[in-house]
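Encoded as structure tokens, the structure appears first; notes follow it.
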Amino acid sequence: MSENPQRGSHGLSPSRRRALFAGLLVIDAVVTLFPPLYWSAGAGRSAAATLLYFIGGSGFVLASILVMYAAEGRQGRQGEVRS
């Protein structure tokens, strides 16, 4: 019996996946590369607060990479050709 890989799947359409990836990459770039965020995180705050910003920003970037990896992997499994 042939299975329909699209039936019952909750995958994103290619255009939504591209939009999700673009949005996450823009947020990642702002969090990691925008100097005023770094300055405001360190200005007049304790070292612990600054460290928390760096750890939180790094954690967010890692989480977004994992989300993109999972979304791409799910799309790859849906598009497999089975013989």
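What follows is calculated from the coordinates using simple rules that are stated; it is not laboratory data. Remember, it's a predicted structure, so these values are computed and weren't measured experimentally. Here the Cβ positions follow ideal geometry from the backbone for every residue, glycine too, while neighbour counts run over all protein chains shown.
Structural remarks
- Pairwise label distance in nanometres, Arg18 with Val30, each label 7 Å out on the Cα-Cβ vector: 2.2
- The fraction of all Cα pairs in segment 25-78 landing in successive 10 Å bins from 0 to the largest distance is 24, 40, 22, 11, 4, 0, given as whole percents.
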